[in-house]
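Input: a single structure, listed below in structure tokens.
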Amino acid sequence: MSLLVTLGEVLAVVGAEEPGPPRVGSGFRLTVAGAESNVAVGAARLGADVAFAGRVGDDEFGTLARTVLRGEGVDIGALRTDPGAPTGLMVKLRRLPGTVGVRYYRAGSAGSRLSPDDLPEDLLRAASVLHVSGITPALSASARDAVFSAVETASSAGALVSFDVNYRARLWTPDVARPVLSDLASRADILFAGEDETHVLSSVPDVPELLLKRGGQGCTGRFGGVETSRPARRVTAVDPVGAGDAFAAGYLADRLAGRPPAEALETALTTGAFAVTQPGD
Ligand code: KDG
């Protein structure tokens, strides 16, 4: 069966239930997220065979992340427990109705200590697709090395490399990010980028499968040099965070199942739209 391998930081998330600044007694909802683990869960729900590599702390949030991923059918044999650091945390605040702001408590977290030694070489060599994102290389030098090493191993064994730019301004500046993200984008076979992210690439490379996302306007796909633009599904947006991951999951699950890029794009538009109708990533 076709295997999707992905790696990154899985985080505990507490999201404000009500709009407004946090107050004593405010309600927060606990979930688990992280761009690459979101993709893993989404693709597994759509029937793909998926493995996730990373690190969590030896704590309750690490146990929660393991339980969620395992329960979603993701292979977590390569998710290490790091006793030396806590599981990362993300807080989602809703300062105003209809807005979602993110704060990270992840500096020095277990997930940020991912290193090339953590990589599951056998899985990377067996993968049909390796999916990475621009978040993990922003976490630390060792995490960045792990991403490049995984790309090298998987692509030299014949896997397709899928890369989602996922620029996060709270993690690094465009000038620091640009050479790293541009290098990864140029190595991709499948490239996901938001049109508001192209400024963090030195140029948009001519990859075999390009998905240029335009939010509520839809997506332009360029497959083997042929361009096609498709509108977004009409939905009521509740929480936009995670839409890109659901989009990538839909696209990759279809490609792994042997469907052509144009068909996978339709699935991606649907899964991306569904994700924004629900709170949580
Ligand atoms: O794409 C959604 C992710 O941004 C979220 O789940 C958390 O990985 C995350 C991040 O670093 O922002």
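The values are calculated or read from the model by the stated rules, or taken from the named source; none is laboratory data. From a predicted model like this one, the values you see are computed outputs, not experimental measurements. Cβ: placed from backbone, ideal geometry, glycine included. Neighbour counts: every protein chain shown. Areas reflect the complete protein model, heavy atoms only, side chains present, ligands, DNA and RNA absent. Shrake-Rupley method; radii C 1.70, N 1.55, O 1.52, S 1.80 Å.
Scan segment 1-103 for GluC sites (Glu not before Pro) in coil per DSSP, keeping those whose Cβ has at most 12 other Cβ atoms within 10 Å, and list them by number.
When the GluC sites (Glu not before Pro) of segment 1-103 are filtered for loop state and at most 12 Cβ neighbours within 10 Å, 17 remain.
Just how large is the dipole of the chain about the Cα centre, in debye to the nearest 20, putting +1 at every Lys and Arg Cβ and -1 at every Asp and Glu Cβ?
Result for the chain is approximately 820 debye, rounded to the nearest 20.
List the trypsin sites (Lys or Arg not before Pro) within segment 45-145 that DSSP assigns to loop and that have no more than 16 neighbouring Cβ atoms inside 10 Å.
95
In the neighborhood of residue 213, defined by Cβ-to-Cβ distances under 10 Å, what is the net charge if each Lys or Arg adds +1 and each Asp or Glu adds -1?
Net local charge, residue 213 excluded: -3.
How fast does segment 66-209 diffuse by Stokes-Einstein, in µm²/s, taking the Kirkwood radius from C-alpha pairs at 20 °C and 1.002 mPa s?
130
Just want the answer: with Cβ charges of +1 for Lys and Arg and -1 for Asp and Glu, which residue in 87, 160, 105 is farthest toward the dipole's positive end in segment 65-162?
Most positive-ward Cα: 105.
Would you calculate the convex hull of the Cα atoms in the chain and tell me its volume per residue in Å³?
Looking at the chain, the number lands at 118 Å³ per residue.
Which value in nm describes the separation of the simple spin-label points at residue 173 and residue 203, placed 7 Å from the Cα toward the beta carbon?
In this crude spin-label approximation the distance works out to 2.5 nm.
Given 0.36 nm per residue, what is the gain on full extension from residue 125 to residue 141 after removing their alpha carbon distance, in nm?
Here the segment from residue 125 to residue 141 would lengthen by 3.4 nm.
I want the antiparallel fraction of DSSP beta bridges within the chain, as a percent rounded to 5.
Of all bridge pairs located within the chain, approximately 40 percent are antiparallel.
Compute the signed sum of charges (Lys and Arg +1, Asp and Glu -1) over the other residues within less than 10 Å, Cβ to Cβ, of residue 196.
0
Any idea how far apart residue 226 and residue 270 come out in nm if each label point goes 7 Å out from Cα toward Cβ?
Going by the 7 Å Cα→Cβ label model, 2.2 nm.
Quickly estimate the mean residue ellipticity at 222 nm for the chain, helices only: each DSSP H run with n ≥ 4 gives -39500 (n - 2.57), and the total goes over all residues, rounded to 500.
So the helix-based figure for the chain works out to -10000 deg cm²/dmol.
When a/c reaches 1.5 or more, the comparison of a/b and b/c decides; with that in mind, is segment 156-229 rounded, prolate or oblate per its Cα gyration tensor?
Because a/c hits 1.5 or more and a/b fails to exceed b/c, segment 156-229 counts as oblate.
Please report the net charge: other residues with Cβ closer than 14 Å to the Cβ of residue 261, K and R +1, D and E -1.
For residues surrounding residue 261, the net value is -2.
For segment 128-193 and segment 30-101, what is the separation of their Cα centres, given in Å?
The two parts, judged by their Cα centres, are 19 Å apart.
Connecting C-alpha atoms closer than 10 Å in a GNM of the chain, tell me which of 249, 126, 43 has the biggest fluctuation.
126
Most mobile of 150, 12, 237 per a Gaussian network model of the chain (Cα springs, under 10 Å)?
Largest GNM mean-square fluctuation: 237.
If the only charges are +1 at each Lys and Arg Cβ and -1 at each Asp and Glu Cβ, what is the size of the charge dipole of segment 99-165 around the Cα centre, to the nearest 20 debye?
Using only the charged Cβ atoms, the result is roughly 340 debye.
Ignoring ligands, DNA and RNA, please state the percent of accessible area on the chain from carbon and sulfur, probe 1.4 Å.
Reported share for carbon and sulfur atoms: 52 percent.
Report the label-to-label distance for residue 17 and residue 152 in nanometres (one decimal), using points 7 Å from each Cα along the Cα→Cβ vector.
4.9
So, by mean Cβ neighbours within 10 angstrom, what's the order for 262-275, 208-221 with the highest one leading?
262-275, 208-221
Over the Cα atoms of segment 97-182, what radius of gyration and what Dmax do you get, in Å?
Just the Cα atoms of segment 97-182 yield Rg and Dmax of 14.2, 48 Å.
Express the accessible area of segment 31-144 per residue in Å², computed with a 1.4 Å probe while the remaining protein chains stay in the model.
40
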